[in-house]
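Just so it is clear, none of the values below were taken in a lab; they were calculated from the coordinates. All of these numbers come straight from a predicted model, not from anything done at the bench. Counting neighbours? That spans all protein chains shown, and the Cβs are built from the backbone with ideal geometry, glycine included.
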Amino acid sequence: MAQLEIRDLTKSFDATEVIKGVNLSIQDHEFCVFLGPSGCGKSTMLRLIAGLEDVSSGQLLLAGQDITHAPAAKRNLAMVFQSYALYPHMNVRDNLSFALKLAKMPQAQIDAKLARTARTLGLDALLERKPAALSGGQRQRVAIGRAIVREPAIFLFDEPLSNLDAALRIQTRLEIARLHRELHATTIYVTHDQVEAMTLADKVVIFNGGRVEQVGPPLTLFQQPANRFVAAFLGMPSMSFIDVTVDDGSLRLPGGLRLLPPAALTLPAAPGSTLSLGLRPDQVSLLAQSTPQALPCTVEVVERLGSDTYVYVSVPGAGPVTVRVAGDDPVAVGDQRWLDLDVSRGHVFADSGQALYHPAVH
Ligand code: ADP
Ligand code: MG
């Protein structure tokens, strides 16, 4: 049975509907990441699950029990916020044990839990300190520890790494991954950062404007995005899109070049239909010379990252395209080059945005 079952969930603030009918199952022990752009409703979803907001309609079932209208304190869920929300006047020991004392747990049991949690999170040496005397990363570890001691049915994280600097964000991300391997606790983790989603999740749920766009393992979403939104949202640098017109069994590009569609792609019946060819930077090649199948382009920006170089080119009539080339490729801004397009290496989307074709995965 799913640990958490979300059925037809909606939420409106006054007349504005921000969650527009979400159905979702989160399994026992699963690390589920809610990913989407700012304002798409991720935090609202988490607050509805936690009971910090009332649902407008729909149902929440935790281990089969209807918790839709249960008070937050009765849901056995623990939330870790971006802002940490530690008690500033209490030291780490008291911050960690506060909820257990409130629940009237015997002191010996509290001490044992505290010792175990402090050891797991490397907080032993910091127990007497107040939050003001801790670094951002240490504060976040205390906030996580405060959730762990409660042994909740589900951990809820809302952008827990956003206030950390880049190096600490990576370190804490690895720590959260390790904690999940150790505790094996069901987790819902909200982020707008695709790297966090790709590296932490068993299952990613992509949100957009209060709706779910796609649910699946990270690599499946990356390789087989259900639509243009997911395709564009996942992947760095982003997928490039070129509009093509269906013309007598081939795909016509701006400028007149015709490409053969892959055999596995069923072309729309209506002649003149527009499709969108989606190419990740490694699904297109940059040529130094023209060929009959290549599109002329101009190099606008060159980003050298060391082992790889990303080249941003403009294609007359087709817009910008990003191409990955070797780190030591001598390409320079202003160069005239040619894009070698092979539709079967890329993705094809219908005018509606729905995916029609993905390249085979090797
Ligand atoms: P995310 O966490 O994905 O950035 P949120 O869930 O915070 O997005 O917000 C989703 C939408 O709901 C936003 O348009 C936001 O302005 C709106 N919203 C969130 N909370 C409230 C509230 N208490 N009152 C009115 N609108 C809200
Ligand atoms: Mg948010």
Sparse-neighbour loop sites [GluC sites (Glu not before Pro); region 119-182; at most 16 other C-beta within 10 Å; DSSP]: 128
Using θ = phi - 60° and Karplus 6.51 cos²θ - 1.76 cosθ + 1.60, couplings along region 82-98 (whole Hz; Gly, Pro as x): 4, 8, 6, 6, 7, 7, x, 8, 9, 6, 4, 4, 6, 4, 5, 9, 3
In region 202-304, the trypsin sites (Lys or Arg not before Pro) that fall in loop regions by DSSP, at most 13 other Cβ within 10 Å: none
Set of lysines near residue 113 by C-alpha distance (under 27 Å), chain-local residues within fewer than 8 positions excluded: 74, 101, 104, 130
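Explain nothing, just the number: relative contact order of region 220-306, from Cα pairs under 8 Å at least 6 residues apart, as a whole percent. Before the final figure, lay out the partial values.
Numbers: 84 pairs, mean separation 23.0, N = 87.
Relative contact order here is 26 percent.
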Neighbourhood net charge (12 Å Cβ-Cβ; Lys/Arg +1, Asp/Glu -1) for residue 40: +2
Shape category assigned to the chain from the gyration tensor of Cα positions, a/c cut at 1.5: prolate
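Provide the net charge surrounding residue 222, with neighbours chosen by a C-beta distance below 13 Å and charges set as Lys +1, Arg +1, Asp -1, Glu -1.
0
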Distance in nm between pseudo-label sites at residue 69 and residue 54 (7 Å out along the Cβ direction from Cα): 1.0 nm
Alpha-carbon centroids, region 186-224 and region 56-88: separation in whole Å: 21 Å
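Note down the relative contact order for region 234-357 as a percent, whole number, built from C-alpha pairs under 8 angstrom at least six residues apart. Present the calculation step by step, with values, prior to reporting the outcome.
Numbers: 278 pairs, mean separation 36.3, N = 124.
Reported as a whole number, the value is 29 percent.
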Dipole magnitude of the chain about its Cα centre (Cβ charges: Lys, Arg +1; Asp, Glu -1), debye to nearest 20: 1320 debye
The chain: angle of helix 107-121 to the longest principal axis, Cα-based, in degrees nearest 10: 30 degrees
Alpha-carbon centroids, region 284-313 and region 334-362: separation in whole Å: 15 Å
Candidates 327, 209, 278: whichever shows maximal mean-square fluctuation once the chain is modelled as a Gaussian network with Cα springs under 10 Å: 327
Span from the region 101-122 Cα centroid across to the region 235-259 one, whole angstrom: 60 Å
Crossing angle, helix 136-148 versus the chain [Cα axis fit, 0-90 degrees, rounded to tens]: 70 degrees
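Under a Cβ-Cβ cut-off of 15 Å, what is the net charge of the residues other than residue 258 that fall near it, where Lys and Arg count +1 and Asp and Glu count -1?
Working: positive: 252; negative: 243, 247, 248, 340, 342.
Net charge in that neighbourhood comes out at -4.
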Rel. contact order, % - alpha carbon contacts under 8 angstrom, at least six apart, the chain: 15 percent
Reachable lysines, given that their alpha-carbon falls under 19 Å from the alpha-carbon of residue 11 and they are not under 8 places away in the same chain: 20, 42
Candidates 48, 127, 279: whichever shows maximal mean-square fluctuation once the chain is modelled as a Gaussian network with Cα springs under 10 Å: 127
